[in-house]
1. For Gly110, state whether it is over 12 Å from the mean Cα position of the chain (by Cα) and surrounded by 24 or more Cβ atoms within 10 Å (Cβ to Cβ).
2. For segment 1-36, which residues satisfy the criterion of being crowded, with 22+ Cβ neighbours inside 10 Å and of a type in the set (S, T, N, Q)?
3. Enumerate the pairs (first residue in segment 10-29 and closer than 16 Å to Asp87 by Cβ; second residue anywhere and among the charged types (D, E, K, R) and open to solvent by less than 40 Å² (accessible area, probe 1.4 Å)) with beta-carbon separation below 6 Å, excluding pairs fewer than 6 apart on the same chain, so at least 6 apart or on different chains.
4. Which pairs turn up if I take residues in segment 87-112 that are in contact (Cβ under 8 Å) with a residue 40 or more places away in the chain and within 29 Å of Gln235 (Cα to Cα) and look for partners that are surrounded by 21 or more Cβ atoms within 10 Å (Cβ to Cβ) and charged (D, E, K, R) with beta carbon separation below 6 Å, at least 6 apart in sequence or on another chain?
5. Here are some conditions: (1) outside any loop (DSSP other than H, G, I, E, B); (2) open to solvent by 40 Å² or more (accessible area, probe 1.4 Å); (3) closer than 29 Å to Ala261 by Cα. Ala55 meets all but one. Which one does it not meet?
6. Check off (1) in a strand (DSSP E or B); (2) within 14 Å of the chain's Cα centre (by Cα); (3) of a type in the set (S, T, N, Q) for Thr134 and give me the number that stays unchecked.
7. Kindly provide the set of residues from segment 257-296 that are surrounded by 14 or more Cβ atoms within 10 Å (Cβ to Cβ) and assigned to a loop (DSSP other than H, G, I, E, B), ordered by number.
Amino acid sequence: MAAWTPADIGNQTGRTFVVTGANSGIGLEAARALVRAGAHVVLAVRDTEKGAQAATEIGADAPGTTEVRRLDLADLSSVRAFVAELDGPVDVLINNAGLMAIPERRTADGFEMQVGTNFLGHFALTGLLLDVITDRVVTLSSVAHRLGSIDLSDLNWRRRRYQRWFAYGQSKLADLMFAYELEHRFVAAGSPLRSMAAHPGYSATNLQSRTESVQDAAMGLMNKVIAQGPESGAQPTLYAATMPDLPGGTFIGPSGFQEIAGPPVPVGSTVASHDREVQARLWDLASELTGVTPHIRAGARS
């Protein structure tokens, strides 16, 4: 069977996608491909000026349409404002935006910045949008979920000594466990919605230049030597977001060696990521921290 490419995306005319962090990197390339397929894409970005520039670039000669809306996942008031101002149904939500291996910082709500942005912000966004989503939610994880462990007693690194890479791994494991738990809850409720996860492999984006450490230079070199470009890195996201008959709970990543690069395929994840008890407890903790209790509506699940 021929490898999947974005050329295999079906006609998306009439469908609306929300893509967080869509002004650069993988989010930008995913948005570009969706607009080329005829979709209407909401670029949910922290910097609307950069978002407008991206929309202008994407919109040239593309059959689909874009709109730019402000969303700061590190501020729950911004998440709520985004949802309140969003018009109409959303077919697919793509939880793409993220931070990687940054120095210790706090969100507006006091969360550790990586888990607050990568996981808790997306948890709140998803929960607040569930009533208007019609098809699926795609949440971006990482091969770095293998580094992670979930500390339910100190998710926000208040008692532990902060370690940037383990904090990143925890946030990406949390994203993956959230995607799995969301699918479990869809199934239990008989919901027609589906939850997917995806990871981009090793893709050269601006994430590797924002650690504010000597690691920026080392990762810049690795970007030139082994990394794939963001257009290729976006393919697992696009596969997870558009494949019509993809089962809920599927995790999509590159098919090559160590899942670094290659055409998108279903991939596995760590034993820890499938721990149903921790998935449920993490969901409850996220709901408590964000003040968002996702409502899973019942329906005819095909």
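1. Numbers: over 12 Å from the mean Cα position of the chain (by Cα): yes; surrounded by 24 or more Cβ atoms within 10 Å (Cβ to Cβ): no.
Taking the combined requirement at face value, the residue does not satisfy it.
2. Gln12, Thr16, Thr20, Asn23
3. Arg15/Asp91; Thr16/Asp91
4. From segment 87-112, the pairs are Asp91/Arg15; Val92/Arg136.
5. (2)
6. Condition (2) is where Thr134 drops out.
7. Ile260, Ala261, Gly262, Pro263, Val267, Ser269, Thr270, Asp275, Val292, Pro294, Ile296
Residue-by-condition table, conditions (1) more than 15 Å from Thr20 (Cα to Cα); (2) surrounded by 16 or more Cβ atoms within 10 Å (Cβ to Cβ); (3) among the hydrophobic types (A, V, I, L, M, F, W, C):
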residue	(1), (2), (3)
Gly38	yes, yes, no
Val42	no, yes, yes
Gly51	no, yes, no
Ala60	yes, no, yes
Pro63	yes, no, no
Leu73	no, yes, yes
Asp91	no, yes, no
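The values are calculated or read from the model by the stated rules, or taken from the named source; none is laboratory data. Nothing here was measured: the structure is a model prediction, and the numbers come from that model. Glycine also receives a Cβ, built like all others from the backbone with ideal geometry; neighbour counts cover every protein chain displayed. With ligands, DNA and RNA removed, areas are computed over all heavy atoms of the protein, side chains included. Shrake-Rupley method; radii C 1.70, N 1.55, O 1.52, S 1.80 Å.
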